[in-house]
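Participant: One structure is given below, represented as structure tokens, and several questions about it will come after.
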Amino acid sequence: MKLELPRLGHRVTVCPDGVTAVAALEKNVYDCIIVDLDMPGLDGIGVIAKCKEMSPETEAVVLTGKSSLETAIAALRHGAFDYLTKPCRLIEIEALLRRVADKRRLEQKNRALEHAVKRLEGSPLLIGETGLMQKVRLLIEKVAPTGSTVLVLGETGTGKELVARSLHDQSPRAGEPFVAVNCGALPETLIESELFGHRKGAFTGADENRMGLFEVAHGGSIFLDEIGELPKAMQAKLLRVLESGEIRRVGENKPIVVDVRVICATHRNLSEMVEAGDFREDLMYRINTFEIRLPALRERIQDIPHLARHLLARHRRGPVAHDAIADDTLQALMGHVWPGNVRELANVIEHATILCDSGPIRAEHLPSRFDSRQLIGAAKQTPGVMTLRDMEMEMIHAALDRNDGNKPKAAEQLGISLKTLYNKLNSAGGLEKSA
């Protein structure tokens, strides 16, 4: 095994007896141990028991010349993965180790799935038809198939995690784990343990071996949200991981190789943080191989009706009609500044859904900060009914006024192409008014 298994891609440690094997397990992490049953000092069953206590994720295989059903049952009862009798061919060991690797990959996927369900259940899709959102989707489509590290920039609540999820889902790693981590929500004393794992007894409270999130994401992607909140000491360790592809569990010396695509996000200006000495310049360049900027909701107000209906459909658990949100309500939503972006819109729609059991969402169902009574009064005083097209044209002309008639700037501010702006003005006969 010492000579042949390395040729098959395995790293092998050979121990002459059970006591030496336990000492090796205390220092390093192994995917699998292959033990004899009769050994001096500590027999194979004892080694398996110690192994499961120190490293529950390590699989154990018994290799013995005593081919009896009782021996096999005893080994399996103590947590052995499988049982082989001597003499054993190399091809049998190789097949067994492949099964061990498959099982570990499945366990990692299950852990990642549990982690994703807790964070991502019910998340909205990346919705939007404005030029800015079309550009975001194009960038995702271009970079997703590559292995490049991506930095997603945008204000809080714009949907940076959804961009990361889209990058993963459109990549060759789509079937592998996707793990999202909010760096700003982790206590500074536990960040290293959460990301890289720890060995039992490494610090107070570490009462068992634990796999870090980088290991959980092995083969897939890890999303490090709010990377700007990472302490300087952890920035150096993350840089080392990105450059070497290896992690070290807290309390261990042996590196563990991980194959993970890293996607980062922040709402902060990393260049300013670098100048202030709060963020490592080398790490900034390392994570910013490819940059995607996500627009704020106020920059793509044309998407608000689509987003609002989508969010309403989620809460009502089914498709909703085009008029499920009244025109005056949409006018109020499209006139709001949205400091909390899409996350704030989601909360507003949830609030309105609770107040409106059925029928269209009206202005009075919105939170008090929208001053619904004033909106209703204004609507009553306005002759006729204002359609979405009327609202749209009002916003276009307002944008033109703000930019002194500069159409390219107005189109950029509205999140639409210049061609779309001209088409809308032409269809509404608005060229003279905007001239």
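Participant: Can you pull out every residue in segment 74-90 that is over 13 Å from LEU37 (Cα atoms) and either exposed (fewer than 15 other Cβ atoms within 10 Å of the Cβ) or not assigned by TED's automatic domain parsing to the domain that holds GLU57 (or both)?
Facilitator: Correct list: ARG77, PRO87, ARG89, LEU90.
Participant: For ILE361, state whether it is of a type in the set (Val, Ile, Thr), touching a Lys or Arg at 6+ places or on another chain (Cβ under 7 Å), surrounded by 21 or more Cβ atoms within 10 Å (Cβ to Cβ) and not assigned by TED's automatic domain parsing to the domain that holds ARG199.
Facilitator: Criteria not met by ILE361.
Participant: Filter segment 187-238 down to residues that are of a type in the set (Gly, Ala, Ser), within 29 Å of GLY157 (Cβ to Cβ) and in contact (Cβ under 8 Å) with a residue 60 or more places away in the chain and give me whichever is surrounded by the fewest Cβ atoms within 10 Å (Cβ to Cβ).
Facilitator: Going through the qualifying residues, I end up with GLY220.
Participant: Let me ask another. Look at GLU107 and say whether it is touching an Asp or Glu at 6+ places or on another chain (Cβ under 9 Å) and either surrounded by 19 or more Cβ atoms within 10 Å (Cβ to Cβ) or touching a residue at least 60 places away in the same chain (Cβ under 8 Å) (or both).
Facilitator: In short, no.
Participant: I need the helices (runs of 4 or more DSSP H) fully contained in segment 365-435, keeping only those with at least 2 residues that are modelled with pLDDT under 75, of a type in the set (A, V, I, L, M) and surrounded by 11 or more Cβ atoms within 10 Å (Cβ to Cβ).
Facilitator: The helices (runs of 4 or more DSSP H) meeting that bar are 372-381, 388-402.
Participant: Taking segment 63-73 on its own, how many of its residues are surrounded by 13 or more Cβ atoms within 10 Å (Cβ to Cβ), at pLDDT below 75 and not in a loop (DSSP other than H, G, I, E, B)?
Facilitator: 2
Participant: Pairs please, first residue from segment 30-48 and farther than 9 Å from ASP17 by Cβ and in contact (Cβ under 8 Å) with a residue 40 or more places away in the chain, second anywhere and basic (Lys, Arg) and not in a strand (DSSP E or B), Cβ atoms under 9 Å, 6+ apart in sequence or on different chains.
Facilitator: ASP31/ARG104; CYS32/ARG104
Participant: Just to be sure before I move on: is ALA180 closer than 29 Å to ARG317 by Cα, of a type outside the set (Phe, Trp, Tyr) and at pLDDT below 90 in the structure I sent?
Facilitator: Judged against the criteria, ALA180 is not a match.
Participant: Pick from segment 293-318 the residues that are among the charged types (D, E, K, R) and not in a helix (DSSP H, G or I): which of them is farthest from PRO339 (Cα to Cα)?
Facilitator: Restricting to residues being among the charged types (D, E, K, R) and not in a helix (DSSP H, G or I), the top hit is ARG317.
Participant: Just need a number here: residues in segment 243-255 that are touching a residue at least 40 places away in the same chain (Cβ under 8 Å), surrounded by fewer than 20 Cβ atoms within 10 Å (Cβ to Cβ) and either not assigned by TED's automatic domain parsing to the domain that holds VAL179 or not in a loop (DSSP other than H, G, I, E, B) (or both).
Facilitator: Within segment 243-255, residues that are touching a residue at least 40 places away in the same chain (Cβ under 8 Å), surrounded by fewer than 20 Cβ atoms within 10 Å (Cβ to Cβ) and either not assigned by TED's automatic domain parsing to the domain that holds VAL179 or not in a loop (DSSP other than H, G, I, E, B) (or both) number 2.
Participant: Among the candidates ASP303, ASP259, ASP327, single out the residue that is touching a residue at least 40 places away in the same chain (Cβ under 8 Å) and under 30 Å from PHE203 (Cβ atoms).
Facilitator: After ruling out the rest, the residue left standing is ASP259.
Participant: Now a separate question. Would you pick out the residues in segment 256-287 that are more than 17 Å from ASP225 (Cβ to Cβ) and either assigned to a strand (DSSP E or B) or of a type outside the set (D, E, K, R) (or both)?
Facilitator: Matches in segment 256-287: ILE256, VAL257, VAL258, SER271, VAL274, ALA276, GLY277, TYR285.
Participant: Would you check which residues across segment 285-299 are charged (D, E, K, R), within 24 Å of the chain's Cα centre (by Cα) and closer than 29 Å to GLN413 by Cβ and list them?
Facilitator: Across segment 285-299, the qualifying residues are GLU291, ARG293.
Participant: Please work out if ALA60 is at pLDDT 85 or above, closer than 24 Å to ILE256 by Cα and not hydroxyl-bearing (Ser, Thr, Tyr).
Facilitator: Criteria met by ALA60.
The values are calculated or read from the model by the stated rules, or taken from the named source; none is laboratory data. Keep in mind that what you see is a predicted model, and the values were worked out from it rather than measured. Heads up, the Cβs are rebuilt from the backbone with ideal geometry, glycines too, and the neighbour counts pull from every protein chain shown.
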